[in-house]
Amino acid sequence: MGLEARELKIGYGEKVAIKNASLKIDYGEIVSIIGPNGSGKSTLIKALSGYLKPKKGEVLLDGCNIKGIGGRDLAKKIAVLPQFKSSPDDISVETLVSYGRHPHLGFGKRLMKEDLDIMEWALEKTGLIDFKDRNILTLSGGEAQRAWIAMALTQKASILMLDEPNTYLDISYQMEVLELVKDLNQSLDLTVVMVLHDLNQAARYSDKIYVLMDGMICKYGKPKNVIQSDLLRDVFRIEADVFEDSVNSCPYFIPNKIV
Amino acid sequence: MKCLNKNSMLIILILIIIASFFISMGNGAVKMSPLKIINTLLYERDTSNFQIIWNVRLPRTIVALLVGINLSLAGAILQGVMRNPLASPSIIGVSAGAGLTALIILIIFPNYYFLVPIGAFIGALLATLLIYFLAWNAGIMPTRLILAGVAVSSLFGAGNNALMTFYPDRVSGVISFMVGGLSAINWQDVRMIGPYTLVGVFLLFFLPNELNILTLGDEVAKGLGINVEISRFRFIILASLLAGSAVSVVGLLGFVGLIVPHIARIIIGSDYKYLIPGTLLMGGSMLMIFDTIARTLFSPTEIPVGIIMSILGAPFFLYLLRKRRGSHGTRSKRT
Amino acid sequence: MLSSKKKIKKSGLLITLILITILLGGCSKDLGSINEKGPGGEEKETLIEEETLIEEETLVEAESAYGVEITKDKVSFVDGSGKEVHINKNPKRTIVLFASYIDLWLRNGGDLIAMVEDKTAESLPGTQGVETVGKTGAISLEKIISLEPDLVILSSNTSSQAELIESLRQNNIEVLALDYTFKEDYYQTVRLFTAINDREDLYKENALLIIEGVEEIINKVPKDISPKVFIMFASSKSIKSRGSGTTLGQMLKDLNTINIADIDNVTLEDKGFSMEALIGEDPDFIFVQRMGSDNEAVLDRIKQDAQSNPAWASLSAVKNDRYILLPKDLYTYKANHRYPEAYEELAKILYPNTFK
């Protein structure tokens with residue numbers, strides 16, 4: 001069981017961003033979607049999360065089409081961290097994290113003890129318990145992303161989707177986010193789907209990689225089967241040497257020249 | 001201001017609004033001491049003083065309170081929903097729709113002058129729906145809505161000017177509507193606007209979270225289970241009803257919907273859980289106080305309250321703005 | 001040796017002083033002309049020029065009055081724009097831009113080649129087939145000039161008309177800019193028009209007789225009672241009141257009443273008035289001026305509105321049926337030759353025992 005996409009065709013108006021894509025994501029996996037800019041990565045993940053409706057095809061969660069699942073129920077199963085978010089100047093970390101409980105709140109919209117406990121747990125898991133009263137704008141890039149992830153955690157969803165979580169972050173923060181994601185996956189069995197820009201990062205942190213090009217999935221599988229020189233040449237237009245990272249049991253490459 | 005706990009701030013605002021109520025009730029063209037006022041209300045019901053207190057000053061104070069609440073609340077809602085600090089009821093066409101309808105009635109059908117309040121209200125709502133419809137393109141992007149609002153407002157404004165050009169002798173009755181004011185307020189006006197205030201305030205005690213989440217962006221909101229289109233539509237209609245009912249009773253008052261939410265934001269922060277009560281307390285107090293000034297400064301001549309609001313309110317806001325360094329309101333943060 | 005900063009300050013001060021002087025100079029000029037035409041209405045000495053007896057027809061010699069000087073060919077006076085003008089008698093091509101003056105002009109011997117577009121004016125005798133030059137507030141200067149008038153009559157009180165004065169004069173067109181608020185202005189205007197059109201008979205009919213009629217009524221007014229009155233200009237959203245510095249206000253003042261809106265500190269024509277003060281003062285009569293129709297149903301409705309609203313209903317004027325809706329023709333528009341009638345109707349309301 002898990003999340004499945006069948007022959008998705010997705011577009012904006014006349015423009016078609018994804019021509020035909022099928023995926024299968026099992027519970028407990030970390031899946032990365034990679035590809036050059038314009039290949040349709042963001043579009044694909046937006047369809048998987050239910051934000052965009054596909055023109056053709058369907059997205060199934062445990063066999064049910066997510067189109068038929070109400071917004072709030074879907075939010076309890078899938079949590080999303082979009083690429084673009086805005087936040088008011090003076091929101092505290094704790095307040096931001098509390099929003100994750102929204103799908104669970106009753107009509108009165110009051111936070112019950114259970115909600116507060118979950119929030120505390122999420123803050124601990126993301127290492128932000130000491131930051132809970134801090135203004136979100138005073139946090140570093142990595143800390144802020146962790147706060148958003150903490151918010152997603154309180155949704156108590158089984159799947160977490162991240163759209164380019166590391167773009168614009170300093171490398172140490174990038175690692176911070178990815179290590180957290182890995183830890184959550186291992187300790188909570190959290191399924192993760194993420195769009196990544198950095199191919200080496202995808203190789204290191206994923207169980208499965210889907211490669212997009214021109215709106216179609218051209219290759220998928222385990223990192224060692226996907227990150228190979230011919231793919232790098234054909235899809236990413238670089239000549240590279242691929243090596244094995246024995247410490248992390250994953251491939252990594254060093255680019256040599258542009259094709 | 002931040003050192004003051006938000007809850008304490010709310011308590012202070014509650015005290016201020018209560019004080020404003022008494023200031024408004026205690027002052028007017030006819031001077032009466034507080035003791036005399038209470039005495040009149042209790043024991044002298046058949047005097048002209050009673051008429052003044054009960055049928056002139058009281059409804060006027062109440063309407064000032066309600067209008068202040070409605071307009072500032074509408075502004076706060078819109079600034080959140082549109083994610084734009086310059087949003088105000090006039091952006092969704094309330095002023096334009098109400099103004100044009102009022103003008104059409106006053107100028108072309110002057111015999112139906114008594115239909116102006118209800119007409120203005122309907123006009124406001126229709127204008128909002130028109131703008132919404134024009135901006136719709138498989139959903140509403142706030143920017144499109146704002147642009148459509150600007151276009152419709154200027155179109156209606158041109159309509160107003162055309163009416164005034166072709167019927168110049170009927171214009172004078174219209175000016176007082178356009179400037180906005182609380183003279184000749186009676187209990188009927190209270191009944192006109194009251195229900196919307198109650199509904200609005202009631203609803204808004206359950207909806208602050210939804211507003212907060214909407215300000216985080218459409219994707220985040222959808223991810224948290226909110227149907228963004230429906231939610232936005234509901235809030236805009238609520239804002240239109242709140243503002244429309246206010247404008248239909250007192251005419252076009254621009255300052256309240258735009259500036260009061262910002263004043264509240266500076267004092268109490270952007271979290272709608274506090275911003276909503278803060279804004280409505282602030283709006284109600286300000287309007288009651290400014291109206292009191294407007295009708296007592298050159299008593300018994302009354303100045304339109306809009307003038308007082310601009311002269312006193314704007315500098316106050318600027319002062320607060322300077323005290324707090326940096327800008328405020330929502331802004332996009334790339335994370 | 002002044003530093004440059006000090007020099008700038010000094011020249012700034014000098015320029016400011018010069019500007020203030022110019023402004024004050026301009027103002028005092030205006031004040032001068034206002035004083036000349038105050039509601040007191042100085043009646044200049046009736047100068048009787050050289051007698052000119054012409055055969056049988058007694059051509060009544062034109063008396064100069066109300067600041068209007070009459071000579072053989074020209075009529076001079078200081079108009080509403082403050083300028084002393086000398087108008088040639090018997091203009092052949094006249095255009096009137098202000099609707100209220102059309103009837104006045106026609107009654108006092110004038111004729112028109114064109115006028116402002118106005119429904120009421122179009123039904124007057126003498127305006128059939130006359131050209132129009134646009135609506136009030138949107139008058140076409142080009143059209144006026146293309147018609148080659150020798151006289152244009154307009155209102156100096158309306159800014160859109162006052163703007164046209166300079167342009168018309170530059171095109172060598174004589175302009176009469178009139179400022180008509182009080183009954184003395186009416187007498188002056190009649191004197192002016194009848195002088196320009198050489199119609200002394202009409203001067204007698206439209207001014208002298210009127211003056212007599214009005215005086216007669218004013219003199220009959222009892223001197224011992226001074227009812228309190230309030231003039232209201234009704235609009236749906238506010239109470240605008242008018243003091244004695246308005247047409248109706250003057251009439252009521254002449255009739256020995258006290259207007260509760262006559263307050264020194266504010267000199268607006270239409271003042272927003274406090275409902276509280278109205279109840280506190282509780283005037284004996286409330287006169288309502290209206291725009292809009294004189295339709296019976298609407299007037300009934302207005303009265304009903306007043307009576308059903310408890311604040312209004314508490315006023316003595318409303319309770320005693322002294323909340324009077326005034327007809328437009330005599331009280332919103334200028335009464336002109338019907339001033340005696342206008343005064344009489346008011347007097348009947350104010351002093352029913354004296355005026356039956």
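Read-outs throughout are calculated quantities, based only on the coordinates presented, and are distinct from any laboratory measurement. Bear in mind the structure is a predicted one, so any value in this text is a computation, not a measurement. Cβ coordinates were reconstructed from backbone atoms using ideal geometry, including for glycine residues, and neighbour counts include every protein chain displayed.
Of the chymotrypsin sites (Phe, Trp or Tyr not before Pro) found in the range B:10-54, none is in coil by DSSP with at most 15 other Cβ atoms within 10 Å of its Cβ. For the segment A:27-37, counting C-beta atoms of other chains within 10 Å of every residue's C-beta and taking the mean gives 0. So which trypsin sites (Lys or Arg not before Pro) in the range B:20-108 pass both tests, a DSSP loop state and at most 12 other Cβ atoms within 10 Å of the Cβ? Passing both the DSSP loop test and the Cβ count: B:K31, B:R45.
Ranked highest first by the average count of other Cβ atoms within 10 Å around their residues, in what order do B:62-74, A:60-72, A:210-222 fall? Spell out each step's value before the answer.
On the way: B:62-74: 29.5, A:60-72: 14.2, A:210-222: 18.6.
With the highest mean Cβ count within 10 Å placed first, the list reads B:62-74, A:210-222, A:60-72.
Each residue of the range C:328-343 is assigned a 3J(HN,Hα), and the resulting list reads 5, 4, 9, 10, 8, 8, 6, 6, 6, 6, 9, 3, x, 4, 4, 4 Hz, derived from the Karplus form 6.51 cos²θ - 1.76 cosθ + 1.60 (θ = phi - 60°), x at Gly and Pro. Loop-located chymotrypsin sites (Phe, Trp or Tyr not before Pro) in the range C:311-346 (DSSP state not H, G, I, E or B) with no more than 16 neighbouring Cβ atoms inside 10 Å: C:Y333. If you take the Cα centroid of the range A:221-252 and the Cα centroid of the range A:1-63, the two points sit 23 Å apart. Shape call for the range A:86-156 from the C-alpha gyration tensor, a ≥ b ≥ c root eigenvalues: rounded (a/c under 1.5), prolate (a/b greater than b/c) or oblate? It comes out prolate by the Cα gyration axes. Any chance you could check the Cα centroid distance between the range A:140-210 and the range B:90-114 for me, in angstrom? That distance is 55 Å.
Computed over chain A, relative contact order equals 24 percent, with contacts defined as Cα pairs under 8 Å that lie 6+ residues apart.
Over chain A, DSSP H runs of length four or greater, each weighted -39,500 (n - 2.57), average out per residue to a 222 nm ellipticity of -9000 deg cm²/dmol.
Taking a ≥ b ≥ c as the square roots of the eigenvalues of the Cα gyration tensor of the protein assembly as shown, is the shape rounded (a/c under 1.5), prolate (a/b larger than b/c) or oblate? It is prolate, given that a/c is not under 1.5 and a/b is the larger ratio.
Among rounded, prolate and oblate, which fits the range B:6-323 when a ≥ b ≥ c are the square roots of the eigenvalues of its C-alpha gyration tensor, a/c under 1.5 means rounded, and a/b larger than b/c means prolate? It is oblate, given that a/c is not under 1.5 and a/b is not larger than b/c.
When you count, for each residue, the other Cβ atoms within 10 Å and take the mean per peptide, how do B:258-269, A:47-58, B:112-123 rank with the highest first? It would help to have the intermediate numbers written out before the result.
Details: B:258-269: 24.2, A:47-58: 19.3, B:112-123: 21.1.
So the order, starting with the most tightly packed, is B:258-269, B:112-123, A:47-58.
Can you give the relative contact order of chain B as a percent, counting alpha carbon pairs under 8 Å and 6+ residues apart? Intermediate results must be reported in sequence, preceding the final value.
Values: 472 pairs, mean separation 106.1, N = 335.
After rounding, I find 32 percent.
The local environment of C:M115, defined by Cβ-Cβ distances under 13 Å, has a net charge of -2 under the rule Lys, Arg +1 and Asp, Glu -1.
The separation of the range C:166-217 from the range B:131-159, counted between C-alpha centres, amounts to 54 Å.
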